[in-house]
């Protein structure tokens, strides 16, 4: 969730520091959505600790355009397109255009679109024909390549704006290039009929919501196992630095604490012992946005408390508290119109009674400060607030807020000091679950616009979806709109690689928070922007800052004429967004209003709006009006199904 002036997340939890913690909520003040935080150490003093996590490695191997789960089944080539006969063969299509068939050849860096939805070679050819018919001489489809192994209307068709520097393809491709008409070499068997374009890829100018259905509150299913290991002692710092007040050296000058961050295979002892937990904890956590990494759907939360519940005495004891946690979808319940089931993997647990390691690793300075001043109203927090930003097929990025939290323990009045943001490199370990490496301790600093904390959108390059080229666009939240930064997949950890939209072009000069070079000129609480292949356009969904329990959306003109491979996302700052439309009106919660609203990209597979369909999963958080240790957890993470159409 966002604090509308500072752009960081805060917890709507008040607590008394005692052996038995009772939590209650307060009403938000005006349009500022805050939650007063637990002022307790990130991990309560424990007898357990882990070795320092090894830095995650980003794969630099190219990923084929049809990777991403779409190429599990081979589709036979049409009989008229065997590879041995393809190259050099020309044929006359019904449009009277001659084509030269090609096989296993590509023209990198020359895609008109990042990809086009097509289920067959014929469909891909028809898309090239249609593009040329609609664009006349302004732009031209010089040919195309089709990946026949891709199935289920996946992203297997690539239209080419030019045919320079042909190279051997890294995956099996069959395509055709526009040739000069010739009376020879046009056998009848080479003719192919253009198929009709998918009805989803309509040229209609209006995008409308066809169906909206609330699915309900997500359930938490903690694992019953943890990694048993030799305990370690948290690092202690000199008392001179463990005093109230902002000290960014605690963020930047200390290593990552070895007992924070989720276990992954590379971090484990040589012979890990997976043991049963004595207590399966009850979870209460705030916020919750997510995304898809290599087929795994994950949700990342802000402040998270774990409780032991004594059903006999009807009492609860908080045993753990961290500023972030993560869970993975279990069973894909939303596909069947049911609420989500979320499971915490055993890589998250600190010990056998329910203390957590936390998702976002803390520095030894942050951790030591939080332990030393536990219960006094001071702590450092790392709060992930946006949906996942894809990096490649196996990793995603988050830019969490860094916050110094001060709470008056008598009045519970809270002050949240924005200290910039960090970068998390997120991946999924098959055994131990999703985790993150904190690759940058502090990227943007206090009083700077924290680009990325609001989220971002990925621009895939000529290598296709899931590869390591293209660009990363990041949103910067201000009081009057959203600024845009851009970086590269191999330079995201280096601030000098970032450029900024200045209203006319990209510049290395970081804009001030008052800059009017905005993508949209109004403040938002939450924001997601995605490319919609079925419409060849971009869609944004957001919550405004008015706390009106409403999701809104806007979109760019459908069937955009995108000609620059790798930079097609520039349209979000050069294009004209539609008028605001209502995506979904959410029933007002028992207490307060909805927040942490966003879309979960990729949930519906090939039917998802990011993969060629028009379906979308949205999620948000709301207060239940109940105690955090109650069955309702104080907070409800809810989801809903959306389906779009055109008219």
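Structural remarks
- Filter result (touching a residue at least 40 places away in the same chain (Cβ under 8 Å) and either assigned to a loop (DSSP other than H, G, I, E, B) or over 29 Å from residue 340 (Cβ atoms) (or both)) within the range 589-600: 589, 600
- Among the criteria (1) surrounded by 22 or more Cβ atoms within 10 Å (Cβ to Cβ); (2) in a loop (DSSP other than H, G, I, E, B); (3) at pLDDT below 95, the one residue 603 does not fulfil is (3).
- From 642, 618, 609, residue being under 26 Å from residue 119 (Cα atoms) and crowded, with 23+ Cβ neighbours inside 10 Å: 609
- Matching option when the condition is modelled with pLDDT under 95 and farther than 17 Å from residue 533 by Cα, among 590, 569: 590
- Residue in the range 335-355 that is under 20 Å from the mean Cα position of the chain (by Cα), free of Cβ contacts under 8 Å to residues at least 60 places away in the same chain and buried (at least 17 other Cβ atoms within 10 Å of the Cβ) present: no
- Looking across the range 632-647, just one residue is under 16 Å from residue 341 (Cβ atoms) and not in a strand (DSSP E or B), and that is 633.
- With respect to (1) in contact with a helix residue (DSSP H, G or I) (Cβ under 8 Å, 6 or more places away or on another chain); (2) on the phi < 0 side of the Ramachandran plot, the lone exception for residue 433 is condition (2).
Residues are listed down the side, and each one gets a yes or a no for (1) surrounded by fewer than 22 Cβ atoms within 10 Å (Cβ to Cβ); (2) in the same structural domain as residue 611 (by TED's automatic domain parsing); (3) touching a helix residue (DSSP H, G or I) at 6+ places or on another chain (Cβ under 8 Å); (4) under 28 Å from residue 139 (Cβ atoms):
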position: 514; (1), (2), (3), (4): yes, yes, no, no
position: 526; (1), (2), (3), (4): no, yes, no, no
position: 532; (1), (2), (3), (4): no, yes, no, yes
position: 535; (1), (2), (3), (4): no, yes, no, yes
position: 542; (1), (2), (3), (4): no, yes, no, no
position: 545; (1), (2), (3), (4): yes, yes, no, no
position: 549; (1), (2), (3), (4): yes, yes, no, no
position: 559; (1), (2), (3), (4): yes, yes, yes, yes
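- Of all the listed residues (252, 219, 296, 223), the sole one being surrounded by fewer than 24 Cβ atoms within 10 Å (Cβ to Cβ) and farther than 30 Å from residue 599 by Cα is 252.
- Meets criteria (assigned by TED's automatic domain parsing to the domain that holds residue 439, over 30 Å from residue 370 (Cα atoms), at pLDDT 85 or above and touching a helix residue (DSSP H, G or I) at 6+ places or on another chain (Cβ under 9 Å)) for residue 159: no
- Checked against (1) surrounded by fewer than 22 Cβ atoms within 10 Å (Cβ to Cβ); (2) closer than 16 Å to residue 339 by Cα; (3) under 22 Å from the mean Cα position of the chain (by Cα), residue 586 passes all but a single condition, namely (3).
- Candidate set: the range 360-384, residues that are part of a loop (DSSP other than H, G, I, E, B) and buried (at least 24 other Cβ atoms within 10 Å of the Cβ); chosen: the one farthest from the chain's Cα centre (by Cα): 362
- Residues located in the range 587-634, provided they are in contact with a helix residue (DSSP H, G or I) (Cβ under 8 Å, 6 or more places away or on another chain) and over 17 Å from residue 287 (Cα atoms): 603, 604, 611, 612, 613, 614, 615
The values are calculated or read from the model by the stated rules, or taken from the named source; none is laboratory data. Just so it is clear, the model here is predicted, and its values are computed rather than measured. Every residue, glycine as well, gets a Cβ built from its backbone with ideal geometry; the counts of neighbours run over all protein chains shown.
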